[in-house]
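Here's the structure, in C-alpha cells; my notes come after.
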Amino acid sequence: MRIIKERGWGLFLAGALLVCASISQAVEDPHAAVYAETNYPSAIECASCHPKVFWEWAVSNHAYSSISPMFHKFEQALNVFASGTIGTFCVRCHQQVATQMGEPREKALWERSDISREGVTCITCHRVSAEFGKVNGERHIDPAPLRAPVYGAGTGKAIEQVLTNAEKYEVSVAEGEDGTPIHSKPIKHEQISKSEFCVSCHQVAVHPGIKLEVVWEQYRNAPASKEGITCQDCHMGSVPGEPYGYDTWPIAVVNGQIVGDPSAKHSNHLFYGPGYPIAHPGIFPFNPKGLNWSIDEWLKFDYRSDWGEPDWEDLLEKGKVEAEFPEIWSTRKAREEARYVISLNLKLLEDKRQSRIEVMENSMRIDGPFFKSKLKVNEPLKFSYKITNKDKGHNLPSGSLGAQPELWFNVVLIDPDGERVWESGYVDKYGDMADIHSLEVAAGNIEYDSQLFNLQTKFLTTNVKGTDREMYLPVNFDIDQIPHIRPAGVPTSVINHPPFIRMEGRSLPPLAHRMAKYKIPKEKISKPGKYVLQSRFRSRAEPIYFMKFVGATEDMERSINEWMVDIHPNAVEFEIQ
Ligand code: HEC
Ligand code: HEC
Ligand code: HEC
Ligand code: HEC
Ligand code: HEC
C-alpha cells in the first residue's frame, strides 16, 4: 500500500512537471488519475489478504502481458505495417485495464499508470460481471473502489465473519475507518468457473481467415469439453496440465488470521503453460519490492553482472575489480537492494521453469525409437518415434499465436567413438531451426534440415503465381506474397486478397499421434559397435527470425534462448554389427 501511495505521488509530480514543460502535451486532469487509482485497485492491495494467489499470479503470463517486451515490439511493428489501423486491438487484451482507463495505445509502459503495468490482473477477472463470448478481448471491467464487491465462484462465504467483526480482523469496511480496506461480500459470477470465461481472450481473430488464438475452437470439439473438464481444471489444478483436482488452502488470511475453511479449494493462479517472460528480472516477475525503482532505472541495472553480490562488492571496495555505474546505481546499498530483488525474482522464474517442464511433459508421450532397418554397418539406418498428444483439451501445441510458439524434436546419433555423426532438429548460430526461415540456411552456411519434425504452425500465402509460400505474418510488407492485415496503406483491391492467406496447422489434435521418421545415410554407419540415439523435444516461445523481424533486441533473443526448455530428454543405446 505504502509503495503505491509514494509512487502515486511520484507519478503525479512527474506528470505535473511534464505538463508544465510542454504545453503541446494534452493536459491530464489530476482528478481523473485519482479516480483511476481508486476505481482500479492494484493486485498489491489484494495481496495483503490473498498472498498465495498473489505470488502465483505475479510470475504468470497474465501478470506479464502488459510488460512483455516481445508484445511491445510485435505490436509496434504491426501498427507500422498496417499504417496504424490496428488501433487498440492488441492492447485491449494485453493491457485491458489501461485501455479501459483511456490510456493511448502508444503510451510507453513507463509513462503509464501503475495498474496498467499489471496486465491481466485480479480485477480483469474478478470485477467482471457480464458474460462475454468471442469478443477479441473487448470486455468490460466494472470500475469500483476496493471496498466494492468482487466477483467469484461464490465460495468465499466466511467474508461475513470478517465484515461483522471488523475490529477483531483490523479491517476497514467503510471509507474513513482504520484498518486494512476490504471488499464487501463477493458476488457469484457463474461464468468464472466455466471454460467460456476464457474464450473472450483465448480466441483471437485478426480478420477473416486469420486467427491468432484458437484454443477455444479446439477445446469445443475436444473430448475434455464433452466430459465436462474445464480449462481451469487443467490450468489451475494441482497437477500442471492435467485435470486431477485442486490443491487446498485458506481463501484469505486477514492480518495474520486465517478466515473460513483452512482446506478450501485453491485454484492455482500461475496458469501453467509453456510461455515464459524475457523481461529484465527487476521488472518482472511482478514484485512489489521491485517497484521501488522505475522501469528506466531497472533497465540501467546490469543484472547479468555481479553488481550487488556481497563478495563482488567486497572485491570492489578493496579495489580488486573495477566497474562504472550509472548515477542511480552508484552506491553499494542500492546495488545490494536491487540484487536482492533480482535473486528473489530469478528464484521465482526457476520455479516457473519447473512447472513449464511439468506441463509440457504431462502433455505428451514419446515412444521409440522403433528401428525399421537391419542394425548393420554400411546400411542406412531407418527408425521412428511415436509422438502422442496426451492432452484431451486441445491441440499440442494449440497453435495459438499464429506462427510463434515452437515445439520441435531434436535427435542426435552418436557413434562408437563418441562423435555426433548425424542430427535433426539442430539450430543455426542464432538458434533457429534449419528450415526455410533460417538466415543461415538461406546464406548457404548450414545444411537444410530435410527430416525436421516441427509442430509449429505456419502462415501460408498463395502468391500471384498460385503457389503457396510460408511467411512470418499476414501483413502486406511484401508485394509478391500479397499478405494483408486490416486496411492497408495501399488499396487492397489492387494487390491484396486476404482469403489467400491461411494457417497451416501442424499441431497434434487431442489424443492424436504422429510418427517422426528418420533415415540416416549408410556413410554415417561405418563402424560396428555401440551407438547412442539422444532425443528431446524443445519448447521455445518465439522463433529468432520472427524476433529479428519485429526488431527485438539482442538481449531479448539471448533470453528467449536461455530460458527454453527440453522435454523428455532421452538416450537409447544399441549395437550395430
Ligand atoms: C483477445 C485477446 C488478445 C489480443 C487481442 C491479442 N492477444 Fe496476444 N496473446 C493473447 C493470449 C491469450 C496469449 C497467450 C497465448 C498462448 O500462450 O498460447 C497471447 C500471447 C502473445 C504473445 C506471446 C507472449 C509474450 O508476451 O511474449 C505476444 C508477443 C502477443 N500475444 C502479441 C500480440 C499482438 C502484437 C497483438 C495484436 C496483433 C495481440 N497479441 C493481440 C491474447 C491476445
Ligand atoms: C485470468 C483470470 C483471473 C485472474 C487474472 C485472477 N483470477 Fe482469481 N480466480 C480466477 C478463477 C477462474 C478462479 C476459480 C473460480 C472457481 O473456483 O471456479 C479464481 C479464484 C480466486 C480466489 C478463490 C480462492 C482460490 O484460492 O481459488 C481468490 C481469492 C482469487 N481468485 C483472488 C485473485 C487475486 C487476488 C488475483 C490477482 C492477484 C486474481 N485472483 C487473479 C480467475 C482469475
Ligand atoms: C482485507 C482482506 C482482503 C482484501 C484486501 C481482499 N480480500 Fe478478497 N477475500 C477476503 C476474505 C476474508 C474472503 C472470504 C474468504 C473465505 O470465505 O474463506 C475473500 C474472498 C475473495 C474471493 C472469493 C470470492 C468467491 O466468490 O468465492 C475473491 C475472488 C477475492 N476475495 C478477490 C479479491 C480481490 C480481487 C482483491 C483485490 C481487489 C481482494 N480480494 C482483496 C479478504 C480480502
Ligand atoms: C483478459 C483476457 C484474458 C482472460 C480473461 C484470460 N486470459 Fe489467459 N492469457 C491472456 C493473455 C494476454 C496471455 C498471454 C500474456 C503474455 O504472455 O504476454 C494469457 C496467458 C495464458 C496462459 C499461459 C500460456 C503460456 O503460453 O504459458 C494460460 C495457460 C492461460 N492464459 C489460461 C487462461 C484460462 C484457463 C483462462 C480462463 C480461466 C484465461 N486464461 C483467461 C489473456 C486472458
Ligand atoms: C485436459 C487438460 C487441458 C484442458 C481441458 C485445457 N488445456 Fe490448455 N494446455 C494443457 C496442456 C497439457 C498444455 C501444454 C501443452 C501445449 O502447449 O499444448 C496446455 C497449453 C495451453 C496454452 C499454451 C499455448 C499453446 O499453444 O498450447 C494455453 C494458452 C491454453 N492451454 C489455454 C487453454 C484454454 C483457454 C482452455 C479451455 C478453453 C484449455 N487450455 C483447456 C491442458 C489442457
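The values are calculated or read from the model by the stated rules, or taken from the named source; none is laboratory data. Nothing here was measured: the structure is a model prediction, and the numbers come from that model. Here the Cβ positions follow ideal geometry from the backbone for every residue, glycine too, while neighbour counts run over all protein chains shown. The accessibility values were calculated without ligands, DNA or RNA, using every heavy atom of the protein model including side chains. Shrake-Rupley method; radii C 1.70, N 1.55, O 1.52, S 1.80 Å.
The table that follows gives values for the structure above.
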item: Leading residue by the ranking (farthest from Pro510 (Cα to Cα)) among those in region 352-397 that are among the hydroxyl-bearing types (Ser, Thr, Tyr) and not in a strand (DSSP E or B); result: Ser373
item: Qualifying positions in region 264-307 - open to solvent by 30 Å² or more (accessible area, probe 1.4 Å) and either β-branched (Val, Ile, Thr) or not in a loop (DSSP other than H, G, I, E, B) (or both); result: Lys265, Lys289, Asn292, Asp296, Glu297, Leu299
item: Hey, Ala153 of a type in the set (Gly, Ala, Ser), within 16 Å of ligand 4 (Cβ to nearest atom), at pLDDT 95 or above and buried (at least 20 other Cβ atoms within 10 Å of the Cβ) or not; result: no
item: Test result for Pro281, within 17 Å of the chain's Cα centre (by Cα), closer than 26 Å to Glu361 by Cβ and more than 15 Å from ligand 4 (Cβ to nearest atom); result: yes
item: Scan of region 250-265 for residues that are in contact (Cβ under 8 Å) with a residue 24 or more places away in the chain and either at positive phi or within 16 Å of ligand 4 (Cβ to nearest atom) (or both), ordered by number; result: Asn255, Gly260, Lys265
item: Residue within region 133-143 that is among the charged types (D, E, K, R) and open to solvent by 50 Å² or more (accessible area, probe 1.4 Å) present; result: yes
item: Selection from region 411-427 of residues that are over 30 Å from Val204 (Cβ atoms) and open to solvent by less than 40 Å² (accessible area, probe 1.4 Å); result: Val411, Val412, Leu413, Ile414, Asp415, Val421, Trp422, Ser424
item: Selection from region 329-347 of residues that are of a type in the set (Gly, Ala, Ser) and crowded, with 20+ Cβ neighbours inside 10 Å; result: Ala338
item: Candidate set from region 231-244 (those that are open to solvent by less than 30 Å² (accessible area, probe 1.4 Å) and in a loop (DSSP other than H, G, I, E, B)); member that is farthest from Cys49 (Cα to Cα); result: Gly241
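Here is a yes/no grid of residues against (1) assigned by TED's automatic domain parsing to the domain that holds Pro397; (2) touching a strand residue (DSSP E or B) at 6+ places or on another chain (Cβ under 7 Å); (3) free of Cβ contacts under 8 Å to residues at least 12 places away in the same chain:
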| site | (1), (2), (3) |
| --- | --- |
| Ala158 | no, yes, no |
| Glu170 | no, yes, no |
| Glu175 | no, no, no |
| Asp178 | no, yes, yes |
| Pro181 | no, yes, no |
| Glu196 | no, no, no |
| Ala205 | no, yes, no |
| Lys211 | no, yes, no |
